[in-house]
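Throughout, read-outs are computed from the coordinates displayed, never taken from laboratory work. Small disclaimer: the values here were computed from a predicted structure and weren't measured. Every residue, glycine as well, gets a Cβ built from its backbone with ideal geometry; the counts of neighbours run over all protein chains shown.
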Amino acid sequence: MKKVFFIIPTLGGGGAERVFLHILKNLDRTRFNPCVVLFEKKGELLSELPFDMRLEILKKNDETYRIYGTVFFKLAHRFARFIKKERPDVIVSFMWYTNFVTLIARILSRISSKVIVSERYGLAVSFEGRMAEFLRGLAIRYFYPGADMVIANSRVMGTQLKELFHLEERKIVTIHNPVDMHKISRMAGADADYAWFREDIPIITGIGRVTRQKGFDHLIKAVQTLNDDGAECRLVLLGKGPEEGNLKRLAAELGIGDKVLFLGFQQNPYKCLARSTVFVLSSLYEGFPNALLEAIALGVPSVATRCPTGPDEIITDGVDGLLVPPGDYGALAESIRKLLQDNSMRRQFSEAGRRRAQDFEVKNIVRQYEEAVEKVC
């Protein structure tokens, strides 16, 4: 049985964390002995860790957490000591900063454990900030070549790794994100508990961490455009993040504060998603958007930006959804209008979306991760 460490900073409510948990919950325990390593013991999804999972926390409770300060070196040294003590066969790391820490820790440990690093969002465009992007580029260019495998969650990202950073093609493997269709269908049956979902006014839903990346400001402007043109609809946003205050002010300034509902992080977003008229992914960039996968799996007609990377590897424009340019609220509004006005198109996208989502069923994707671990061994 292979000892495998899975490492990620926290179990916050993001897409990478959900994929991380999907793998842990479905990993074949007869072949793999998993251990979870977190930088900090926190996050909205912490309660979803499998009950049989061993857990190691690298950061001490009284330490100030600064990504670009001395904590980086403390994390790397502590992980190196843990690797040296436990001698895992394989380490699977999620997110660029974690990948950086993991690759340094393996060097410090002088242990020959195999390392698989996983990149979660596009490399050509990002708004994290200059320092973050500089360090990310440094890590990819100079440290990722030391990994035994690099998993990209979209084909385009795999191409970016090869062409922008000259990583060896033989080390790059594309594994898309999974969707647990049975689980989300079951959870979608819960009562939505909000009056809007019982009223006969179309609901547009957006899901994700409330940051600039998600382009929710463009979605709010699209909803204003629709309402101003007589296409009455409401917008529900699920997620929390630093841009929430700015978005509430924007909605109020545009005169649609009463038509936008911020529901924050939801442990069960599917009860709202399944009752939506249209789902919209308005992102400026992505990795491989889980929310879009989950929407089509639930049969919710969807509009997505053709942003780097992921949406156009999930839906085909005009077949099982609609694609628009990122950052164009006029195009968003027009595509949403088409769906609101065309019942047959909504039915077509609902049926075709469910069929397309089966390609990403969780057991198939987890099997690919298991094969990746076996391959590096």
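May I ask you to order 291-299, 83-91 by the average number of other C-beta atoms within 10 Å around their residues, highest value first?
So the order, starting with the most tightly packed, is 291-299, 83-91.
Summing charges over all other residues whose Cβ lies under 13 Å from the Cβ of His22, with Lys and Arg as +1 and Asp and Glu as -1, gives -1.
Multiplying the residue separation of Lys25 and Asp191 by 0.36 nm and removing their Cα-Cα distance gives an extension gain of 57.2 nm.
Peptides 33-41, 166-174 ordered by packing proxy, namely the average of other Cβ atoms within 10 Å per residue, highest first: 33-41, 166-174. Our coupling estimate for region 202-210, obtained by passing each phi through the Karplus curve with A = 6.51, B = -1.76, C = 1.60 and θ = phi - 60°, is x, 10, 9, 10, x, 9, x, 4, 7 Hz, Gly and Pro reported as x.
At full extension, Glu244 and Cys377 could sit 43.4 nm farther apart than now, given 0.36 nm per residue minus the alpha carbon distance. In the chain, a dipole from Cβ-located charges (positive for Lys and Arg, negative for Asp and Glu) runs towards its positive end, and of Cys233, Pro269, Ile203 it is Pro269 whose Cα lies farthest in that direction.
Counted by Cβ distance under 9 Å from Tyr329, the other residues give a net charge of -1, where Lys and Arg count +1 and Asp and Glu count -1. For Leu284, the residues whose modelled amide H falls within less than 5 Å of its own, excluding neighbours fewer than 5 places apart on the same chain, are Lys214, Gly215. Loop-resident chymotrypsin sites (Phe, Trp or Tyr not before Pro) (DSSP state other than H, G, I, E or B) in region 137-213 with no more than 15 further Cβ atoms inside 10 Å of their Cβ: Tyr194.
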